[in-house]
Amino acid sequence: MTNNISSTRRSSPSSTRSTRSALRAIGACATLVAGASAAGGGRRPVIISTDPGIDDSIALLVAGASPELDLRAVCVDFGSLHNMTRLAHNAMAVLHLADRDDVPVYLGAGDPVAMPFHDLGGPNFHGQDGLGGVELEVPAGRTVNTTLTAPELIAEACRTWDPKPLLVSLSPLANIALALALEPELPTLCPDLYLMGGTVLEPGNVSPLAEANIANDAEAARRVFAAGFKNINVAPLDITMHTWLSNDFLESIDRLPGRVGPFVWNITRFYTNAYRVVGGFADGGMPLHDPSALFLYLRPELFEFQTWPIDVDTSPYPNPTRGMYIADRRGGPLSPPPAPGVPTAKFAMKVNSTAVQAFLKERLSLYSAQKIQAEGRRVSHIYTRTDVGEYDILMS
């Protein structure tokens, strides 16, 4: 069974005006991107470790559009699915949509580093294919890079690249943990690690106390946090659950010129429905999980951070504390710093959600300046609005 990707949405006068306004702004945005690409100066090389489901795909689109970043590699990790072939397909397909077929994709950890894999419900939120049933093709001849595994690539890049890459993890931390095993000096060579995962005060999403990325491989997370990275920045559920994207906001993304906006709308139909049906969020919409890790780097002024000593609970599955952050939040502002050698991380605990939403829309609008829609590749809606305001899947 395949999705019949057709849409009955009609443009209103207001949406037409919005489109025209967006087009007027696109010229300046395109100039910014072209200038950064041509100069290369000031752009930070970045390696993204990811399990490309729905929010990962949005994060990849943000990374591909951001002129501050030089996206050099995408490393696939298990997580949202336990299917590395499909996850690699999704990574290459989303990069193709972003007109970034130049970015190599490497295969990494297909299982946790120390314990058996347990399905924590990823397909319930991302679909069996990771993209909520939206079909997106990989161009002929495009394959994963098999010269190195993902952990080998991370270790080699941190040894040899100049400037050193920014490491971003949107998935379980297995790829980073395995790279540590290959290169124990990784935290010194590449001290900047940005990740989405875990929760400090917010309820968990796979247990009362734990979040999916960390609970999927608690041993890997514990190794990474203990390794000595000097600049770990964490986007936990404490901010991602409070950066809520309403369906009205997502409709505004759908109206962006080009193919990326409708693609984001399509894949988030499954995601928002899962948050309503499985998660119990009756008002609709979705949290902004994985892109938040990139926003910590791109727009740190939109967040409030706390630095705390950190450990990760590695109780065996199905203990509800498995994957729980043990953040030592004791002490006041005049308390002495943690003792030397005690692992710490910076946790984003508050967020300017309105500004983050605006920034997300700004970055996705950059694709409107590209000509990928002229190539004839087809991505359209798989959901149509009914008279009562719900969404029905059109199937064939």
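The values are calculated or read from the model by the stated rules, or taken from the named source; none is laboratory data. Keep in mind that this is a model prediction, so the values were computed, not measured. Because the Cβ atoms are built from the backbone with ideal geometry, glycine has one as well, and the counts that use them run over all protein chains shown. When the accessible area is computed, the model is the full protein with side chains, heavy atoms only, and any ligands, DNA or RNA have been set aside. Shrake-Rupley method; radii C 1.70, N 1.55, O 1.52, S 1.80 Å.
Between Lys350 and Asp162, the simple label model (points 7 Å from Cα in the Cβ direction) yields a spacing of 4.3 nm. For Asp192, the residues 5 or more places off, or on other chains, whose built amide H falls under 5 Å of its own are Leu167. Shape of the stretch 98-166 from the C-alpha gyration tensor: oblate (a/c of 1.5 or more and a/b not above b/c, with a ≥ b ≥ c the square roots of its eigenvalues). For the stretch 71-132, relative contact order (Cα pairs under 8 Å, six or more residues apart, normalised by length) works out to 44 percent. Rolling a 1.4 Å probe over the protein heavy atoms of the stretch 314-373, with every protein chain left in place, gives an accessible area that is 56 percent carbon and sulfur. Of the peptides 55-63, 331-339, the order by per-residue mean of other Cβ atoms within 10 Å, starting with the highest, comes out as 55-63, 331-339. With the simple model of a label 7 Å out from the Cα in the direction of the Cβ, Leu189 to Asp119 spans 3.7 nm.
The residues of the stretch 204-260 expose on average 30 square angstrom of accessible surface per residue, using a 1.4 Å probe on protein heavy atoms. Pairs of Cα atoms nearer than 8 Å and 6+ residues apart set the relative contact order; for the stretch 262-333 it is 16 percent. At an R0 of 51 angstrom, the distance between the Cβ atoms of Arg330 and Glu137 translates into a FRET efficiency of 0.45. Centroid-to-centroid, using Cα positions, the stretch 157-200 and the stretch 255-274 are 30 Å apart. Convert 20 °C to kelvin, take the viscosity as 1.002 mPa s, use the Kirkwood radius over C-alpha pairs of the stretch 204-277 as Rh, and evaluate the Stokes-Einstein diffusion coefficient in µm²/s, rounded to a whole number. Result for D is 143 µm²/s.
In this structure, the amide hydrogen of Arg44, modeled 1.01 Å from its nitrogen in the peptide plane, lies closer than 5 angstrom to those of Leu69, Asp70, counting only residues at least 5 positions away or on a different chain.
What is the stretch 139-213 by shape, rounded, prolate or oblate, if you read a ≥ b ≥ c off the alpha carbon gyration tensor as root eigenvalues and call it rounded for a/c under 1.5, prolate for a/b larger than b/c, and oblate otherwise? Oblate shape, in that a/c is at least 1.5 and b/c is the bigger or equal ratio.
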